[in-house]
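A quick write-up on the structure given underneath.
The values are calculated or read from the model by the stated rules, or taken from the named source; none is laboratory data. Keep in mind that what you see is a predicted model, and the values were worked out from it rather than measured. Neighbour counts are summed over all protein chains in view; Cβ atoms, including those assigned to glycine, are modelled from backbone coordinates with ideal geometry.
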Amino acid sequence: MRRLLIGVVGGSSCSSEEAEWAATVGRLLAEHGAVLLCGGLGGVMEAAARGAQQAGGLTVGMLPGADPNEANPYIDVPLATGMGEMRNALIVRAAQAVIAIGGGWGTLSEIALAQRIQTPVVGLHDAFTSTIEIPRVPTPQAAVDWAVEQAGRREV
């Protein structure tokens, strides 16, 4: 059986609470045997990748630039797309489900693209509660449970 590919999206800078939640999400995804897919840079992406890697999980970062060395130190597989923000579409297209934590305009674009192409997306302390209607959960455990269940139903 193939491993689930779960996207974690969020700001390149984040609060300490968001970083803690992202690290927990990463750890829980690794414990589920899922591959963590993110944008490969700092903030939520780095915290989630750190949590996954520390739990023995595999991390993939789709980088906006052309240099794989731009990836944070917790990315196992850096994919340097050279596509800038357009890489957001690749992340949500490749993922079987997406967890959004905090974030700004880039995260909003990922949520919108996921909605547009029907990739399941859930908000965990996301910044868009009055803007976008998506399922929302209160804890990292609930976010991972939701994403794993949704991803298991979906073929990419």
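Numbers at a glance
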quantity	calculated
Whichever residue in region 118-146 is of a type in the set (S, T, N, Q) and either crowded, with 23+ Cβ neighbours inside 10 Å or part of a helix (DSSP H, G or I) (or both) and, among such residues, is modelled with the lowest pLDDT	Gln141
Filtered residues of region 16-34 (kept if buried (at least 22 other Cβ atoms within 10 Å of the Cβ) and not in a helix (DSSP H, G or I))	Ala34
Some residue of region 37-55 being hydrophobic (A, V, I, L, M, F, W, C), touching a residue at least 12 places away in the same chain (Cβ under 8 Å), in a strand (DSSP E or B) and in contact with a strand residue (DSSP E or B) (Cβ under 7 Å, 6 or more places away or on another chain)	yes
Qualifying residue in region 8-15 (condition: outside any loop (DSSP other than H, G, I, E, B), over 12 Å from the mean Cα position of the chain (by Cα) and either farther than 20 Å from Ala142 by Cβ or free of Cβ contacts under 8 Å to residues at least 12 places away in the same chain (or both))	no
Region 47-64 - residue that is more than 14 Å from Thr24 (Cβ to Cβ) and under 11 Å from the mean Cα position of the chain (by Cα) and, of those, surrounded by the fewest Cβ atoms within 10 Å (Cβ to Cβ)	Val60
Residue count for region 74-90, restricted to those that are assigned to a loop (DSSP other than H, G, I, E, B) and either of a type outside the set (Phe, Trp, Tyr) or without any contact (Cβ under 8 Å) to a residue 24 or more places away in the chain (or both)	5
Residue in region 56-67 that is closer than 12 Å to Val8 by Cβ, assigned to a helix (DSSP H, G or I) and in contact with a helix residue (DSSP H, G or I) (Cβ under 6 Å, 6 or more places away or on another chain) present	no
